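Since the structure comes first, as structure tokens, the remarks are kept for the end.
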Amino acid sequence: MAQQNKKTLAFNGDEAVAFAVKQCNVDVVAAYPITPQTIIVERFSEYVANGEVQTQFVCTESEHSAITASLSASTTGARTFTASASAGLALMHEMLFVTSGSRAPVVMAIANRALSAPLNIHGDHSDSMAQRDSGWIQLYVENAQEAYDSIIQAYKIAESCDVSLPIMVGLDGFTLSHSLENVDILSDEAVTDFIGERQLPQVLTHEGKSVPFKLDPKNPMTMGPVAFQNYYFEFKRQQEEGMKNALKRIQEVNSEFAKISGRCYGNGLIDKYKLEDAEVIVVCAGSTSGTLKVIVDELRACGVKAGLLRLRTFRPLPVEDLKNALKNAKAVAVMDKSMSFGGFGGAIFHEVRHSLYDSPVHPPVINYIYGLGGRDYSPSELRIVFDDLAEIAKTGDTGKQVRYLGLRE
Amino acid sequence: MTTQEWKFTSKDIAVKPDLFLSGHRACAGCGPATVMRLIMKATRGPTIVTQATGCMEVVSSIYPYTSWNVPWLHTAFENAAANAAGIEAAIKAMQRKGKLKEHIDVIAIAGDGGTFDIGLQSLSGAVERGHDFLFVLYDNEGYMNTGIQRSGGTPSGAATTTTPAGSVIPGKLERKKPITEIMLAHGMEYVATATPYYWKDMITKVRKGLEVDGPAFLHVFAPCPRGWRSDQAKTMEYTKLAVETCIFPVWEAVNGKKQLSTPSKVIALAPQKKKPIKDYFKGQGRFRHLFTPKNIHVIDELQRLTDENWKKLLQNCESK
Amino acid sequence: MSSKDKTWKEISIAGVCPKSSESFKTGDWKTYMPILDTEKCIVCLTCVMLCPDGAINWIPDTNKISFDYTFCKGCGICANECPAKALTMKIDNTEG
Ligand SMILES: Cc1ncc(C[n+]2csc(CCOP(=O)(O)OP(=O)(O)O)c2C)c(N)n1
Ligand code: SF4
Ligand code: SF4
């Protein structure tokens with residue numbers, strides 16, 4: 001059921017995020033500005049300055065403190081938000097692991113940007129891909145609308161008691177963060193109802209009581225202890241369980257959200273575009289899928305059985321969905337906006353190819369590294385990818401498995 | 001400061017149950033452990049404690065055991081003040097939304113590494129933003145948890161594992177960073193120094209720091225017999241000698257106005273009671289190499305510096 | 001690791017500690033133990049305040065000092081600081 005009184009506002013991706021955070025009436029926002037995330041922090045500061053939110057806004061002296069304060073506020077029972085990109089996310093690195101290990105459901109928007117050196121402020125996925133093992137749920141969105149919707153969904157996913165993990169929502173720097181779009185918004189009440197009050201898992205304290213998991217003088221508990229060889233491993237295994245539960249929860253929240261908004265993003269994990277009978281399939285994350293859809297349509301019109309799989313959820317990795325969606329393809333190309341130096345292709349390529357390994361028949365999978373440091377990629381360049389796939393499908397010769405798109409050779 | 005003077009007897013404090021519990025794994029004779037107990041004796045109501053990585057964090061939270069009978073959070077080494085900032089922000093937000101009625105005190109605790117060095121940025125940031133919390137630095141003058149390395153708080157002359165007493169270099173050459181001056185320069189309402197030997201003075205200062213409506217900073221001297229190569233039994237004696245030699249004078253500054261606290265005032269009033277720093281260095285293995293003919297000049301130089309600092313402090317306390 | 005250690009399904013998340021360290025006895029660390037001469041003790045409570053291990057208690061009913069040797073690590077701070085010289089460190093003769 002679509003929403004009755006539909007309201008549309010012109011927002012860039014960052015503004016859409018800030019607006020969603022405002023509607024979620026988050027308790028604490030702790031953040032530090034960095035291009036191309038800055039607009040999120042600035043817009044939110046305006047909401048604070050104009051008394052439009054009840055949020056405690058902590059404009060920290062660094063990203064390390066921003067994530068720390070988000071984490072500690074979260075452990076105190078608050079609903080928290082932060083945002084960053086590139087160098088800022090890299091500076092948070094240590095604390096990202098602490099946040100997930102502390103099971104704090106912090107929500108963070110990442111306006112994805114290249115990492116230095118050389119310094120570059122433009123969009124690619126190097127920053128968040130470098131954090132893939134930090135224990136955060138990772139979503140990558142296609143447009144400003146999805147950025148808005150995903151921030152709202154993020155609270156419901158992260159705060160589920162059986163998940164209780166932090167989540168990052170990646171939106172491509174500049175391409176999404178700074179481009180104006182029409183964004184359909186929900187009413188404040190609809191958002192409030194949808195996300196509900198923060199849920200807290202129960203834990204057993206040293207006083208022998210089972211109490212909600214938060215720093216509360218009424219129920220003292222010790223968080224962030226030392227765990228040695230005898231217990232550390234167990235806590236890591238628990239985190240993995242949270243991730244597994246997130247796989248289910250993301251899909252549920254995606255459907256629940258569809259009910260109030262009329263919008264959904266595939267099954268929440270992957271977004272399939274004309275995949276049913278597709279022979280040549282491109283897999284990508286983020287905004288590139290917008291352009292790729294147009295190309296798929298063009299190719300379809302010429303009789304090419306092209307399809308697109310947008311990986312919306314990178315962590316937890318939807319292995320089964322990937323397997324099923326790609327098993328009948330004749331050739332697959334995975335697009336990566338980051339590099340894993342000295343490895344075998346980019347991060348998404350590793351994961352997608354690895355997911356297919358156990359299938360009895362699996363298609364050849366090649367990798368394109370593209371768009372680094374905001375390098376433009378034209379529709380005609382993206383078409384080359386499909387042409388290459390058609391060639392592979394025809395000849396069975398994979399050729400170079402890792403390729404660069406849009407690079408001067 | 002808003003509330004009335006806190007009056008207590010030794011017996012009041014003795015019967016107040018420990019919130020830093022026995023069974024922690026600090027070395028025998030650990031100065032910081034006494035400091036933890038005393039900090040918690042001064043709490044006045046609902047309190048949340050957050051702590052930087054370091055000896056006191058490790059010895060008190062080895063899973064499944066905890067020595068903290070208050071809500072307690074550790075996240076990392078360099079960010080105790082940022083932890084406090086987030087906790088305080090959460091409290092304020094929940095109070096504003098009517099989800100929380102009571103006042104909650106927030107205490108951040110860190111060693112000298114977590115304060116002078118790696119934690120200085122987050123501390124400075126949190127203080128500049130004016131969060132309502134008390135930061136207690138327990139200064140054992142080195143990175144003890146990782147095996148006695150130098151910190152910005154290690155005094156000159158001391159041997160540590162990264163400033164060993166070599167045949168050419170006699171221990172740490174650099175001076176101790178003037179951390180309280182740095183904190184005072186932030187314009188804090190309350191900055192003080194204390195040692196656990198003068199425990200009444202110390203807990204009074206903890207309480208005053210809590211009563212401040214905003215950030216407060218307390219620098220507590222806390223000998224580590226393990227790292228100082230000193231007699232376990234003398235831990236508290238050194239915290240007395242440090243005051244008597246004016247190596248670590250005790251004072252407090254309310255709104256920047258510095259005043260000597262009684263133990264140091266006694267020495268200011270009767271200068272003949274001021275002991276030579278040798279009395280304090282003696283018995284500490286970390287200074288042993290200074291008592292050789294080759295290095296004895298270092299002690300003379302350190303004595304001169306100590307006298308100079310003391311003189312400055314006296315002038316400072318008088319002129320304001 | 002011991003067989004008493006719990007599985008990941010049995011323990012609370014995030015390392016919330018389920019036990020007080022008061023169930024971890026540190027008394028067996030000591031070589032020497034403080035012995036109190038009640039005659040000399042002036043109940044100034046200095047030792048109670050300065051013990052790093054909270055091993056000395058003041059008993060209001062009797063106005064006496066009591067040692068909890070199950071935690072005392074035998075550092076000797078109490079004996080060193082006792083203004084009445086009421087404490088002496090002796091070889092630990094407790095069991096265990
Ligand atoms: C980012 C980071 N760097 C280094 C360490 C290693 N480390 C842990 S505790 C510590 C020293 C702590 O020194 P201090 O703050 O003086 O406390 P103490 O152990 O002396 O009580 C160091 C270097 C760490 N945990 N985190
Ligand atoms: S090393 Fe020093 S500070 Fe650390 S527990 Fe031992 S005595 Fe205390
Ligand atoms: S010897 Fe040390 S640990 Fe034992 S009671 Fe005395 S001060 Fe406490």
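What the table below lists for this structure:
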| item | result |
| --- | --- |
| Phi to ³J(HN,Hα) by Karplus 6.51 cos²θ - 1.76 cosθ + 1.60 over region B:119-132, Hz, x for Gly, Pro | x, 5, 5, 5, 5, 4, x, 5, 5, 4, 7, x, 4, 8 |
| Extension gain from A:Arg408 to A:Arg300, taking 0.36 nm per residue of separation minus the Cα-Cα distance | 35.9 nm |
| 5 angstrom amide H check on A:Val334, placed H, neighbours 5+ away | A:Val283, A:Ile366, A:Asn367, A:Tyr368 |
| Peptide A:101-110, shielding by other chains (average Cβ, 10 Å cutoff) | 2 |
| In nm, spacing of pseudo-spin labels at B:Arg96 and C:Lys90 (7 Å Cα→C-beta vector) | 6.3 |
| Low-density loop cleavage sites - chymotrypsin sites (Phe, Trp or Tyr not before Pro) in region A:317-377, where at most 14 other Cβ are within 10 Å (DSSP) | A:Phe341, A:Phe344, A:Tyr357 |
| Average Cα contact separation per residue, region A:270-404, under 8 Å, 6 or more apart, as relative contact order % | 27 |
| Exceeding the 18 Å Cα-Cα cut-off - candidates A:Lys156/A:Lys323; A:Lys214/B:Lys101; B:Lys208/B:Lys311 | A:Lys156/A:Lys323; B:Lys208/B:Lys311 |
| Taking chain C and dividing mean pair separation by its residue count, relative contact order in percent (alpha carbons under 8 Å, at least six apart) | 35 |
| Angle in degrees between helix B:199-211 and the longest Cα principal axis of chain B, rounded to the nearest 10 | 40 |
| Footprinting exposure proxy for B:His186, B:His219, A:His122, B:His297 (fewest neighbouring C-beta atoms within 10 Å first) | B:His297, B:His186, A:His122, B:His219 |
| Neighbour-count ranking [beta-carbon atoms within 10 angstrom, fewest first] of A:Ser72, B:Ser22 | B:Ser22, A:Ser72 |
| For chain A: relative contact order, % (alpha-carbon pairs under 8 angstrom, 6 or more apart) | 16 |
| Residues A:Ser100, A:Ser74 arranged by fewest to most Cβ contacts within 10 Å | A:Ser100, A:Ser74 |
| Peptide B:232-242 - average C-beta neighbours from other chains (10 Å radius) | 4 |
| Extension gain (nm, one decimal) between A:Thr398 and A:His93, 0.36 nm per residue minus Cα-Cα | 106.1 nm |
| Net charge contributed by nearby residues that have their C-beta within less than 14 Å of A:Asp124 (K/R +1, D/E -1) | -1 |
| Built amide H within the under 5 Å cut-off of B:Gly214, gap 5+ | B:Phe133 |
| 0 to 90° range, to nearest 10: angle between helix A:232-261 axis and chain A longest Cα axis | 80 |
| Net length gained if the chain between B:His297 and B:Val254 were fully extended (0.36 nm per residue, minus Cα distance) | 11.7 nm |
| Highest-fluctuation residue, A:Leu180, A:Leu165, A:Leu372 considered, GNM on chain A with Cα pairs under 10 Å | A:Leu180 |
| Total formal charge among the other residues, if their Cβ is under 14 angstrom from that of A:Met221, Lys/Arg +1 and Asp/Glu -1 | +3 |
| Karplus-derived 3J(HN,Hα), 6.51/-1.76/1.60, for each residue of region C:56-71, Hz, glycine and proline x | 10, 10, 9, 9, x, 4, 9, 6, 10, 8, 10, 9, 9, 6, 6, 10 |
| Span from the region A:5-40 Cα centroid across to the region C:1-73 one, whole angstrom | 52 |
| Efficiency of FRET between B:Asp12 and B:Thr262 - r from beta-carbon atoms, R0 25 angstrom, step 0.05 | 0.80 |
| Net charge of Cβ neighbours under 10 Å - reference A:Lys330; Lys, Arg +1; Asp, Glu -1 | +1 |
| Where labels lie 7 Å past Cα in the beta-carbon direction, separation of A:Glu256 and B:Glu128 in nm | 4.1 |
| For B:Asp105, distant residues with modelled amide H under 5 Å away | B:Thr47, B:Ile48 |
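Any read-out appearing in this document is the output of simple, stated calculations on the displayed coordinates, not a laboratory observation. Please read all numbers here as calculations on a predicted model, not as lab measurements. Don't worry about glycine lacking a Cβ; one is built from the backbone with ideal geometry, like all the others, and counts go over all protein chains shown.
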